[in-house]
Amino acid sequence: MNTQDNRKSVIEALLLASEKPLPLEQIRVVLDNLDLPEARRLIEELKLEYEEANRGIRIAEIAGGFQMITAAAFAPFLKKLFKDRNTEKLSKPALETLAIIAYKQPLTRLEIELLRNVNVDGVIKSLAGKNLIRIAGRKKAPGRPCVYGTTRQFLEHFGLKSLDDLPKIEEFSALAEKKDLVDIELEEEKKTEALDEPQKLA
């Protein structure tokens, strides 16, 4: 196969097969060290083709890479398809704590508790266990307490390109609800099914 003539098809296959957002650098290396501007141009063309054809999938730039996702307009249908599937959702206290960390990071557990007026030990442990937050360092204060920040997984979970794409803080809960409709785990399951049954892509 001539890679030069099938570069967009190669990119499409790479994005479909990847379980995580695929960095542009990794894509260009696979394409025989294609220069970065050309690699981005090809991805943007492919992205536009999906949008103009109103396909059920889209290409999104998430957490420093590119990933295939389902089009948001079809979320209600996906919810019906997977209505019996049990997915773990973030509780309201977890969402509130995560929002505080996302918008005010880095900050200590005590600073979070002062803002929420409740103990957050359990919530912090839960969010860290889900790899949505991490210890980002230590504060120059007595006792050198740990400070917390969000992770790359946080960006992937909410479909954000970077922290600059965070919505207004009052819109964060709405973003989380939207995320529950089109769960990234669901995207991974659909990719796996597509890989197991390639004839459906014909």
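Since every read-out is calculated from the coordinates, none of them should be taken as a lab result. No experiment lies behind these values; they were computed from the predicted model shown. All Cβ positions, even for glycine, are placed from backbone atoms using ideal geometry, and neighbour counts span all protein chains on display.
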Hey, which of these cross-link pairs are over 27 Å Cα-Cα: Lys79/Lys125; Lys89/Lys140; Lys20/Lys130; Lys8/Lys161?
Lys79/Lys125; Lys89/Lys140
Just from the alpha-carbon atoms, what are the Rg and Dmax of the range 1-144 in angstroms?
20.8, 63
Relative packing of 140-148, 62-70, 43-51, 90-98, which averages over residues the other C-beta atoms within 10 Å, highest first:
62-70, 90-98, 43-51, 140-148
At q = 0.17, 0.22, 0.28, 0.29 1/Å the base-10 log of I(q)/I(0) from the Debye formula over the alpha-carbon atoms of the range 5-52 is -0.44, -0.75, -1.18, -1.24
Within a Cβ distance under 15 Å of Arg109, other residues only, what is the Lys/Arg minus Asp/Glu net charge?
+3
When the Debye formula is applied to the Cα atoms of the range 92-177, each taken as the same point scatterer, what base-10 log of I(q)/I(0) results at q = 0.11, 0.15, 0.21 Å⁻¹?
-0.27, -0.51, -1.01
